[in-house]
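What follows is a set of notes on a single structure, which appears directly below.
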Amino acid sequence: MTESSSFAGRHVFVAGGSSGINLGIAQAFAHAGAHVVVMSRSRDKVCQAAEGLRARGAQALGISADVRDPAAVEAALRQAHAQFGEIDVLVSGAAGNFIAPAAELSPNGFKTVVDIDLNGTFHVLRLAYPMLRKPGASVLNISAPQAVNPTMYQVHACAAKAGVDMMTRVLALEWGEAGVRVNAIAPGPIGDTEGMRRLAPTAEALAQTVATVPLQRMGKLEDISHMALFLSSPQAGYVTGAVVPVDGGSSLRGGRDMRSSYVPRSAA
Ligand code: COA
Ligand code: NAP
């Protein structure tokens, strides 16, 4: 089975797929022959992303919806289902993050990140469930090292992504009988992404980050998309409930200290 034929004609839906790591995943599936839907808030971003996928020869659709709005998510999924049929691969990767000490984080700041990362993932998965191919669908959540590494100034992301990991395991239990596998990828620091621009905003912080990675380099988009293709392929047909770090070994060292990267908003 070659990479370009393995997902031919499959329907891949990527929530949060208009940029960064998730767009990299969408591009890899498009390259492998899938029909791809990218969904995120910005109409401009989803249109541009879908155009880029079509330019690579894929059938692609961009749909604007906020994962915090279940009605909008459901409408997006219905539109995708009408266009491409049952969903073979569902990726849930919409997220928001910033560096903030807990004592200075407003209730709404905490809630916003939990609503996007954790509650949004629940909405995407639960509302997609009736439209997933059964048996055979693969669900992939995008987690983060914060799910397992207590990380200062990241209480919101740590709490949200820990919930995503547990949701991955619980739904693997619940949906296994229907032949739906549920896994997650926990990327390490991936170069040239919005996440890293926020968490390591200076050259010094980036250098410190690389120094903590046993493989001594930043991750690339392909490092993540290759794992996404593998976990969704028949070769991983006996893998479910797994949260797979793709991080150059960095999670072995625990959470990065982000205090030196923190800029109070009043000073920004
Ligand atoms: N530090 C502390 N609090 C912050 C903050 C920061 N840097 N940025 C936002 N907040 C707070 C806001 O003050 C607000 O709380 P308040 O009402 O008590 O003032 C709350 O978070 C919501 O902010 P808002 O800007 O209204 O949210 P939004 O829904 O428009 O945007 C974010 C969501 C804040 C997560 C925004 O950064 C975003 O859209 N991120 C997506 C891209 C991203 O983060 N990529 C990396 C993924 S890892
Ligand atoms: P990114 O480019 O900002 O990706 C986030 C995506 O989610 C964007 O497409 C964004 O598009 C969308 N999104 C945000 N809020 C949304 C909402 N409320 N509803 C719908 N879509 C929303 O950042 P990234 O760094 O590539 O991160 C992608 C994923 O990888 C995230 O889950 C992140 O936690 C995880 N991760 C990243 C790293 C890293 O090194 N970058 C490390 C570990 C984990 P819109 O703005 O159009 O909504």
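Every number in this text was worked out from the coordinates using simple rules, so none of it is lab data. If you're wondering where the values come from, they're calculated on a predicted model, not measured in any experiment. Here the Cβ positions follow ideal geometry from the backbone for every residue, glycine too, while neighbour counts run over all protein chains shown.
Before moving on, here are some points about what is shown:
- Each label point was placed 7 Å from the Cα along the Cα-to-Cβ direction; for residue 102 and residue 79 their separation is 4.0 nm.
- Cα long-axis angle, helix 155-175 against the chain (0 to 90 degrees, to the nearest 10): 30
- Taking each residue as 0.36 nm, the span from residue 43 to residue 119 lengthens on full extension beyond its C-alpha to C-alpha distance by 25.2 nm.
- Of 33, 229, 209, farthest towards positive along the dipole that unit charges on Lys, Arg, Asp, Glu beta carbons give region 3-249: 33
- Computed over the alpha carbons of region 3-249, Rg followed by Dmax gives 17.0, 51 Å.
- Of the residues 147, 48, 15, the one whose Cα sits farthest toward the positive end of the charge dipole of the chain, with +1 on the Cβ of Lys and Arg and -1 on the Cβ of Asp and Glu, is 48.
- Residue-span extension gain [residue 69 to residue 263] - 0.36 nm each, minus C-alpha spacing: 66.8 nm
- For region 195-265, the dipole from Cβ point charges (+1 on Lys and Arg, -1 on Asp and Glu) about the Cα centre works out to 280 debye, to the nearest 20.
- Peptides 74-87, 175-188 ordered by average Cβ neighbours within 10 Å, highest first: 175-188, 74-87
- Dipole size of the chain about its Cα centre, with +1 on Lys/Arg Cβ and -1 on Asp/Glu Cβ: approximately 100 debye, rounded to the nearest 20.
- Sequence-distant lysines (8 or more away, or on other chains) whose Cα lies within less than 27 Å of residue 220: 45, 161
- Highest average packing first - 201-211, 225-235, Cβ atoms within 10 Å: 225-235, 201-211
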